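The values are calculated or read from the model by the stated rules, or taken from the named source; none is laboratory data. Remember, it's a predicted structure, so these values are computed and weren't measured experimentally. All Cβ positions, glycine included, derive from the backbone under ideal geometry; neighbour counts span all protein chains shown.
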């Protein structure tokens with residue numbers, strides 16, 4: 001036997017050592033579990049951000065994302081200020097992602113354009129063109145204007161995640177002209193979103209865009225298909241927050257024509273119908289668990305300690321996890337410096353901890369034991 005060649009015994013030992021190492025790596029890989037909820041976020045207005053150190057609080061709670069909310073021109077003005085830049089710097093330092101969830105239509109299609117071209121704007125039920133809300137999605141000029149302005153704002157308000165949120169006007173009707181009336185408000189919104197997404201991708205190849213299922217667009221679209229990169233954002237503002245969504249018999253909580261008496265069961269059916277159209281990949285629940293403005297019925301005179309029902313929140317997470325919804329955020333408007341001064345810290349750590357209990361294992365959502 002050539003002494004320079006390894007012996008049979010040494011080869012066997014080496015093979016066993018390699019196999020053991022491979023097995024160890026395999027076990028380790030299988031044992032690694034990533035967080036199930038990829039987005040763990042809050043939605044805030046500039047005044048909330050200016051009066052409280054939200055990046056630090058978000059990091060402490062294990063959140064991933066802060067989204068700035070209101071109209072595009074207001075957020076654009078804020079980020080140009082010293083405080084706005086300091087906020088963005090703090091988010092970068094603490095590895096907090098920044099997004100922008102925007103009531104966008106009045107900025108993307110300025111109302112003063114009505115005098116120039118009324119056909120860009122929606123037709124109401126009386127057959128009259130009106131600049132009161134939204135647009136006519138069958139107007140080429142309207143779509144071109146909206147897309148151009150969406151791109152312009154994207155140059156200023158570039159989300160760190162590539163996820164954009166340009167919403168239609170808040171719970172307002174879409175167009176009823178002869179070309180549009182055959183399409184539901186959800187279908188009209190999706191026509192618009194498909195066009196905006198294609199425009200955004202010319203400057204941001206990784207861009208994705210939300211379809212907001214809320215108010216008049218809670219029902220799933222039936223005639224228009226989402227382009228790849230359109231993801232579902234489900235916002236059940238009408239529900240109750242002292243009873244979980246899984247309580248199908250619970251009636252709605254917001255008395256408005258769009259949501260009147262809509263039960264939790266109906267909300268879940270609407271969620272499932274939307275997921276059937278958009279899929280669960282990228283889908284986000286936009287909730288109101290932490291929304292002081294909603295709890296106060298959008299009147300600061302009603303400011304009080306936030307009603308926090310942790311058992312409801314945890315049950316809701318299970319409802320979303322079971323459906324493959326991996327992006328979770330909540331309005332946290334008016335949880336600001338004044339709130340903390342009067343009532344103490346909000347339940348942000350409980351909010352973050354609840355989401356951290358869910359992990360992805362074997363391709364499924366798994367809840368860790370308490």
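Some observations on this one:
- Exactly one residue out of 60, 97 is on the phi < 0 side of the Ramachandran plot, at pLDDT 95 or above and loosely packed, with under 14 Cβ neighbours inside 10 Å, and it is 60.
- Lone unmet requirement of (1) crowded, with 17+ Cβ neighbours inside 10 Å; (2) over 24 Å from residue 187 (Cβ atoms) for residue 298: (1)
- In the range 280-295, residue surrounded by the fewest Cβ atoms within 10 Å (Cβ to Cβ) [restricted to those that are touching a strand residue (DSSP E or B) at 6+ places or on another chain (Cβ under 6 Å) and in a loop (DSSP other than H, G, I, E, B)]: 282
- Condition broken by residue 54, with the remaining ones in (1) touching a strand residue (DSSP E or B) at 6+ places or on another chain (Cβ under 8 Å); (2) surrounded by 20 or more Cβ atoms within 10 Å (Cβ to Cβ); (3) under 25 Å from residue 197 (Cα atoms) satisfied: (3)
- Any hit, the range 165-172, residues being part of a loop (DSSP other than H, G, I, E, B), out of contact with any strand residue (DSSP E or B) (no Cβ under 8 Å at 6 or more places or on another chain) and farther than 29 Å from residue 118 by Cβ: no
- Test: residue in the range 223-231 that is under 30 Å from residue 336 (Cβ atoms), modelled with pLDDT of 95 or more and touching a strand residue (DSSP E or B) at 6+ places or on another chain (Cβ under 6 Å): yes
- A search for C-beta distances below 6 Å between a residue of the range 295-324 that is in contact (Cβ under 8 Å) with a residue 40 or more places away in the chain and at positive phi and any residue that is surrounded by 18 or more Cβ atoms within 10 Å (Cβ to Cβ) and assigned to a helix (DSSP H, G or I), counting only pairs 6+ apart in sequence or on different chains, returns nothing.
- Residue match in the range 102-120 (condition: under 30 Å from residue 365 (Cβ atoms) and modelled with pLDDT of 95 or more): yes
- Residue list for the range 102-116, restricted to those being part of a helix (DSSP H, G or I) and either closer than 18 Å to residue 193 by Cα or touching a strand residue (DSSP E or B) at 6+ places or on another chain (Cβ under 6 Å) (or both): 105, 106, 107, 108
- Conditions (1) modelled with pLDDT of 95 or more; (2) over 20 Å from residue 35 (Cβ atoms); (3) surrounded by 15 or more Cβ atoms within 10 Å (Cβ to Cβ); number of the one not met by residue 317: (2)
- Output for the range 51-67, where each listed residue is within 27 Å of residue 150 (Cα to Cα) and touching a residue at least 60 places away in the same chain (Cβ under 8 Å): 65, 67
- Test: residue in the range 83-92 that is assigned to a strand (DSSP E or B), closer than 17 Å to residue 156 by Cβ and either in contact with a strand residue (DSSP E or B) (Cβ under 6 Å, 6 or more places away or on another chain) or without any contact (Cβ under 8 Å) to a residue 24 or more places away in the chain (or both): no
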